[in-house]
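Please read the structure below before turning to the comments.
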Amino acid sequence: MLTTQRRAMISARLARDGQIVAKTLADELGLSEDTIRRDLREMAVEGLLRRVHGGALPLAPPLPDFAARQAIASDIKRRLGRRAADLVRPGQTVFLDGGTTNAEIARALPRDMQVTIITHSPTIAAEFEHHDAEVILIGGRLYKHSMVATGATAFVAIEQIRVDIFFLGVTAIHPAQGLSTGDYEETAIKRAIADQAADTYVLATPEKFGAASPYRIMSVSELAGLIVHAETPAEALSPYRDCTALIVA
């Protein structure tokens, strides 16, 4: 089989199955595992896939900047935000991660609800200007791509809190590789917040399923639930049904 044929097959399998296991594909094609690994390595260098131990995963789509993301899939994000807001009860302490989807939670919460909101995102904090909620804004080095605070100052502050619910923002969701994002320091902060939360939820827009970003936050099974859009394809959701609750918006 020619190299171009192998690579076309790898791309097709990746699109169909969401992953490549090098040994399995090598056995199926009657080739050496080294041959398949070399193909995966070269395709990763060209930005066609992401190498992981034993195989490869699809690349998470590159994120546009924060301002541009505000206009993407806004109707879906609003529905997810409203469903997430339904999980919040008066008197709770809620940590809102940054991001345009989590901003919809803030907009959906009743303005007169007595709740404590903790966030490391100044844009999320600003959404509560006219709410009765108590708002605690955690500071640190501003990671402008996501408009959240990172670094040692944020980490120390997070260690001092306990929250009932954490709404975690991610860029990719994969049944084997878990929940991931694209910045190393931001990943550590997200993990630290999840460690302080009784329950962690992710608002999952459909394009995030089946992909992996460079830095892993946690496994899907550690979540209390994924909040998903009703029109997300069933085949995209099926690997997660035994891992965590699927909450449909």
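Bear in mind these aren't lab numbers, they're just calculated from the coordinates by the rules spelled out. A quick note: this is a predicted structure, and the numbers were derived from the prediction, not measured. Glycine gets a Cβ as well: all are built from the backbone with ideal geometry, and neighbour counts include every protein chain shown.
Specify which residue in the list 93, 76, 106 is farthest towards the positive end of the charge dipole of segment 76-117, using unit charges on the beta carbon of Lys, Arg (+1) and Asp, Glu (-1), about the Cα centre.
So the residue furthest toward the plus end is 76.
What is the magnitude of the charge dipole of the chain about its Cα centre, with +1 placed on the Cβ of each Lys and Arg, -1 on the Cβ of each Asp and Glu, and no other charges, expressed in debye to the nearest 20?
460 debye
How long is segment 116-249 along each principal axis, judged by its Cα atoms, biggest number first, in Å?
40, 33, 25
In terms of Cα to Cα distance under 30 Å, which lysines are near enough to residue 23, apart from those fewer than 8 places away along the same chain?
208
How big is the dipole moment of segment 125-168 about its Cα centre under a simple scheme where the beta carbon of each Lys and Arg is +1, that of each Asp and Glu is -1, and everything else is neutral? Debye, nearest 20, please.
340 debye
Give the Cα extents of segment 3-57 along the principal axes, in whole Å, largest first.
26, 23, 20
Quick one: helix 184-195 against the long Cα principal axis of the chain, what's the angle to the nearest 10°, folded into 0 to 90?
With both axes taken from Cα atoms, the answer is about 60 degrees.
What is the Rg over Rh value, at two decimals, for segment 108-157, using alpha-carbon atoms and the Kirkwood definition of Rh?
Dividing the radius of gyration by the Kirkwood radius yields 1.03.
Can you work out the Karplus-derived ³J(HN,Hα) for every residue in segment 78-95? Use 6.51 cos²θ - 1.76 cosθ + 1.60 with θ = phi - 60°, whole Hz, and x for glycine or proline.
Result, ordered by residue: 5, 5, 5, x, 5, 5, 5, 4, 5, 7, 8, 10, x, x, 7, 10, 10, 9 Hz.
Hey, fewest Cβ within 10 Å first, where do 238, 219 land in order?
Placing the least packed residue first, the sequence is 238, 219.
If I model a spin label at residue 44 and residue 224 as a point 7 Å from the Cα along the Cα→Cβ vector, what separation in nanometres do I get?
Simple spin-label model gives 3.6 nm for this pair.
What list of ³J(HN,Hα) values in whole Hz, one per residue of segment 207-213 in order, does the Karplus curve 6.51 cos²θ - 1.76 cosθ + 1.60 (θ = phi - 60°) give from phi, with Gly and Pro shown as x?
Each residue's phi maps through the Karplus curve to give 6, 7, 6, x, 10, 9, 9 Hz.
Only sites in a loop by DSSP and with at most 16 other Cβ atoms within 10 Å count here; which GluC sites (Glu not before Pro) in segment 156-232 make the cut?
Hits after loop and neighbour filter: 159, 231.
Please grab the % of Cα pairs in segment 160-200 that end up more than 14 Å from each other.
50 percent
Over 10 Å intervals from 0, what percent of Cα-Cα pairs in the chain sits in each interval?
Taking every Cα pair in the chain, the percentages come to 7, 30, 32, 18, 9, 3, 0.
Could you work out how far apart the two model spin labels at residue 153 and residue 17 are, taking each label as a point 7 Å from the Cα in the direction of the beta carbon, and quote it in nm?
Spacing of the two 7 Å Cα→Cβ label points: 4.8 nm.
Work out the length of the dipole vector of segment 12-62 about its Cα centre, built from +1 on the beta-carbon of each Lys and Arg and -1 on the beta-carbon of each Asp and Glu, and round it to the nearest 20 debye.
Dipole magnitude for segment 12-62 comes out near 180 debye.
Which of the aspartates and glutamates could a cross-linker bridge to residue 144, judged by Cα under 16 Å and excluding same-chain residues fewer than eight apart?
Partners found: 65, 97, 183, 185, 186.
Under the Karplus relation 6.51 cos²θ - 1.76 cosθ + 1.60, θ = phi - 60°, what is the ordered set of whole-Hz ³J(HN,Hα) values for segment 119-133, x standing for Gly and Pro?
8, 10, 10, x, 5, 5, 4, 5, 5, 9, 3, 10, 9, 7, 4
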